[in-house]
Amino acid sequence: MKKLLDNWLVQFLLFLCVLGLTAFITDAIGDVLPPYLLMIGLFIGINLIMALGLNLITGVTGQLSLGHAAFMSIGAYASAIATVNYHVPFLGGVLIGGLVACLFGIVIGFPTLRLTGDYLAIATLGFAEIVRVQFTNMKITNGAIGFLGIQGSTTFPIVMTIAVITLVLMVWLENSRNGRAMLAIREDEIASSAVGINTTLYKIQAFAIGAFCAGVGGALFAHTTTFIQPTDFGFMKSVDILSIVVLGGLGSIPGTIIGAIVLTAAPEILRPLANYRMMVYGVLLVIIMIFRPYGLLGGVNLRQAVRRAFMLTKKKQAGREE
Amino acid sequence: MLKLENISVSYGAIKALHNISLEVKSGEIVALIGANGAGKSTTLRTISGLEKPPNKDSKITFKDIQIQGALPHKIVEMGLSHVPEGRRVFPDMSVYENLLMGAHIRKGKPDQGDFDRVYHHFPRLKERIKQLAGTLSGGEQQMLAMGRALMARPDLLLLDEPSMGLAPMLVEEIFHIIEDINVAGTTILLVEQNAHLALEISNRAYVLETGEIVLEGLAPDLAQNEDIRKAYLGE
């Protein structure tokens, strides 16, 4: 059984099955759920895609980036221009959004990734501001008025399928040679270069893949809201995505999923509180960080935890039988 | 095997190394001894490319190829591994994963032979393959850092203060292992504050003082040298 799972063809077929199943189930859910809940689900998916990208940059490789919204906006505008002005089909537009964002990730990565920690954070922040101002002043993006008339082509099954693809690729990457090199860079950059890891290459790789995810997320976002403006992608948006990653647990993929669900759903669940909504939301963040300083699933080895829980129930059963 | 000519390195206005020239021949253990801040670690960091390329007339030759200014990972690929000061293992990775990272320069499946060779030198690591490196004792971390470097199958191993912060018993053990590694065919350039032990296991030695080489020679001769005995051996 284990040997069978090692075969890449079996893995690929399994992957396709999971994708088909996701599309089928989410399609069925889409028919049943009221539009409001469906919309929340859709945004959970979009946020998850973007947060998984940032998790690779900040969680796995350890490079603090405050510019994720910039890549998102690049993806959003690129895809919107592609589908509206050049009549590219929707999924093609999403791909273009991802690729353009990825390209910018690489271009920005080369000069900034010599910096580390706080300095990198400030540099990416500056980059995000430049991008935002640029979009405000460009003709093709319709400046501050915003880009109108994008088709609302994004659907719940499409978002969820792309989210699952991202998820599977991230898990696969994290367990690959490249993923281990990225983890090593987070652990100790000097030791990493001393064992022969090309640190610049892997940091830029992480940046490029992370930016691609953000671009795809941005493209899906643009085709959900049908209207985008530069203020949608301000500093707060970057912080929102970073919060998902940190609150879930830096470097933890299950944590990022939980984070995306909690932080996307919480503002909606708290809506009855009216004016106190964002205040309670903030308090919630503070409380979670006090009780789980490494994030909800930070430092939790899920495989081990499940095994332990399983053993415990087995022991209990054995105890009962005696 | 390794030759340094006219190496000068500065940190800002402070000169850390001043016209250093030294040589390591194939199969040797060469020690670089000196007090704190003499420039020993800087020398190693410059060789392995962790420090920025030095002055223009400097030359670092490894296996007859000039490597000054080359990127660190390229130098590792050529067969020169550096065990940095303070061990620097990957704390949240297991012992096995740390060793696996050591073999990073070779793509594809890891070679069990590499692991076996490391376990042969460091049987203690084998007992702890699943343990997180950050929870190992100082001595074990030093062993892991050395084992990790060996995973790259280096021809020349740079060791930076392997005795730092270890109990005397452990230091003896580590130095025996260094001798074993050398006998097994790896050339070693060793930086040490513990001049006594370093001179005991090495063939030749250089004495570094405030960025300059003040003395060089065969290790047994230096161990007998009056000045050395006064300055570094505490006699």
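The values are calculated or read from the model by the stated rules, or taken from the named source; none is laboratory data. Keep in mind that this is a model prediction, so the values were computed, not measured. Ideal geometry is used to build each Cβ from the backbone, glycine not excepted, and the neighbour counts take in all protein chains shown. Surface accessibility is based on the protein's heavy atoms, side chains included, excluding ligands, DNA and RNA. Shrake-Rupley method; radii C 1.70, N 1.55, O 1.52, S 1.80 Å.
Points to keep in mind about this one:
- Take chain A and mark each of the chymotrypsin sites (Phe, Trp or Tyr not before Pro) that is in a DSSP loop with at most 16 other Cβ atoms within 10 Å; the longest unmarked stretch, sites excluded, is A:87-226.
- Averaging the Cα positions of each part gives two centres, and for the range A:102-124 and the range A:164-232 these lie 13 Å apart.
- For chain A, hydrophobic long helices are taken as DSSP H runs at least 24 Å long by C-alpha position along their axis with mean Kyte-Doolittle hydropathy of -1.0 or more; these are A:8-32, A:35-54, A:68-85, A:90-112, A:117-137, A:156-174, A:199-225, A:302-321.
- For chain A, size of Cβ-based charge dipole, Lys and Arg +1, Asp and Glu -1, in debye: 680 debye
- The mean of 1/r over all distinct Cα pairs in the range A:43-321, once inverted, gives the Kirkwood hydrodynamic radius of 19.5 Å.
- Under Stokes-Einstein, with the Kirkwood radius over Cα pairs as Rh, the value for the protein assembly as shown at 4 °C and 1.567 mPa s is 49 µm²/s.
- Structure remark: mean-square fluctuation, Gaussian network model of chain A, C-alpha springs under 10 Å; the largest value among A:GLY62, A:GLY215, A:GLY152 belongs to A:GLY152.
- Along the axis of the charge dipole computed for chain A (Cβ charges of +1 for Lys and Arg, -1 for Asp and Glu, origin at the Cα centre), the listed residues A:THR22, A:ILE253, A:ALA80 are led at the positive end by A:ILE253.
- With contributions of -39500 (n - 2.57) from each DSSP H run of at least four residues, the per-residue ellipticity at 222 nm computed over chain A stands at -25000 deg cm²/dmol.
- Structure remark: mean-square fluctuation, Gaussian network model of chain A, C-alpha springs under 10 Å; the largest value among A:ALA28, A:ALA211, A:ALA219 belongs to A:ALA28.
- The magnitude of the dipole of the range B:86-235, with charges of +1 and -1 set on the Cβ of Lys/Arg and Asp/Glu and taken from the Cα centre, is near 900 debye.
- Principal semi-axes of the equivalent ellipsoid, √(5λ) from the alpha carbon gyration tensor of the range A:1-147, are 31, 24, 15 Å from largest down.
- The mean sequence separation of alpha-carbon pairs under 8 Å and at least six residues apart, normalised by the residue count of chain A, gives a relative contact order of 30 percent.
- Label-to-label distance, A:ILE145 versus B:GLU172, with points set 7 angstrom from Cα along the beta-carbon direction: 8.6 nm.
- Within the accessible surface of the range A:43-321, defined with a 1.4 Å probe on protein heavy atoms only, the carbon and sulfur portion equals 69 percent.
- One Cα centroid belongs to the range B:10-42, the other to the range A:78-100; the line between them spans 57 Å.
- You can think of it this way: the chain between A:VAL283 and A:ASN85 has 66.9 nm of extra reach, that is 0.36 nm per residue less the Cα-Cα gap.
- Taking the Kirkwood radius as Rh and the Cα radius of gyration as Rg, the range A:47-126 has a ratio of Rg/Rh equal to 1.04.
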